[in-house]
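I have placed the structure first, in the form of structure tokens, so that the comments after it can refer back to it.
No value in this document is a laboratory result; all are computed from the given coordinates. Note that this is a predicted model, so its numbers are computed, not measured. Every residue, glycine as well, gets a Cβ built from its backbone with ideal geometry; the counts of neighbours run over all protein chains shown.
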Amino acid sequence: MTPTPTPALLAAALTAAGRGWPVFPLRPGDKRPAGHAEARCPGTGRCTDGHRTPEQRATLDPDVLAAAWGTAPYNIGIATGPAGLLVVDLDVPKDDNDTSPEEWAGVTDGMDVFAVLCEQAGERLPTETYTVRTRRGGLHLYFTAPEGKTLRSGAGALGWKVDTRAWGGYVLAAGSTMNGRTYEIVHDAPPLPLPAWLSDALTPLPASAPMPIETLSAHMRHASAYVATAVRGELEKVQSARQGGRNRALYFAAYALARFIRRGDLNESAADAELTAAGLTAGLSPGECRTAIASGFRRGGASEGANAA
Ligand SMILES: [Zn+2]
């Protein structure tokens, strides 16, 4: 039996497209794309010239949307990359066993983690942007992606239960339903530009081999023996931090080194490079490294040195 089309879902698809966000159909009551997967591509119809992914198929064309949503009550996928969006996906635990890693001890969900990240970055929670509540109570914060940067989707890109959806991903639009619960707009405003600190945190660092601590002295030859020893000690703490405490260890290492930077005894970019290498070696993501180091430097007053003559 073919499920009956739902006018509300067509209306929701047209509304999203009307905002300039290309959409494509997802299976009714589901978050998986409708249609065949690439592995089962028949190579006919729209795929005559090769399989077309949902991201490639997504459209703003109201006639195409009316035809598609006229056949079944599809959920609505917004192709975030072509839409020029970056959506921060703040998720909630799936069940009682889905608890935060030690690194994020004390937080209960993605919203908490995001609040901590904002505080560390010295930024306000960007709550004034277009926001959708997901069917399980998570939040999707919509931002316009920065010009000239291709940000990709990432799971845990910023921390526990904080995913991002951009190129290579999609979000369920408001009006989609799963298990009888609807994705609802909770703040209807134009999406704000992605805050710069988030854009920085999500920008992949140029690949560089982690630097063994033994080679540190060569890179720090302009620093005094005392400073070099202090740096070495901080990097060792980061590298030996247990999985749950790496983020904090990196933050405190940056905080501790900030005073040397402030006094002009240590070059900020050299310290940043050493700390990043240590953080990556310890298994943190580039985004986690950036955020922890930047906030450690800021709290430690590193930049006061940069303004000093
Ligand atoms: Zn195909």
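Data table
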| read-out | value |
| --- | --- |
| Degrees separating the helix 246-262 axis from the principal Cα axis of the chain, which is the longest one | 50 degrees |
| Additional length obtainable on full extension of the chain from Cys41 to Ser269, 0.36 nm per residue less Cα span | 77.2 nm |
| Rounded to the nearest 20 debye, dipole of the chain from Cβ charges on Lys, Arg, Asp, Glu | 240 debye |
| Projected label distance in nm at Thr71 and Glu119, using a 7 Å step from Cα toward the beta-carbon | 5.1 nm |
| Segment Glu236-Ala196, length gained on full extension (0.36 nm per residue, minus Cα span) | 11.3 nm |
| J(HN,Hα) series, segment 169-183, from Karplus relation 6.51 cos²θ - 1.76 cosθ + 1.60, nearest Hz, glycine and proline x | x, 7, 10, 6, 6, 3, x, 5, 10, 9, 6, x, 10, 9, 6 |
| Extended-chain gain in nm, criterion 0.36 nm per residue less alpha-carbon gap, His51 and Leu14 | 10.8 nm |
| Cβ crowding within 10 Å averaged over residues, with 277-284, 181-188 ranked highest first | 277-284, 181-188 |
| By average C-beta atoms within 10 angstrom, highest first, the peptides 95-106, 4-15, 59-70 | 4-15, 59-70, 95-106 |
| Hits among aspartates and glutamates - C-alpha to C-alpha of Lys161 under 16 Å, sequence gap 8 or more where chains match | Asp89, Asp91, Asp95, Asp96, Asp98, Glu102, Glu103, Asp109, Asp112, Glu288 |
| Tilt relative to the chain, helix 110-121 - C-alpha long axis, 0 to 90 degrees, to 10 | 40 degrees |
| On Cα atoms only, tilt of 286-300 relative to the major axis of the chain in degrees | 50 degrees |
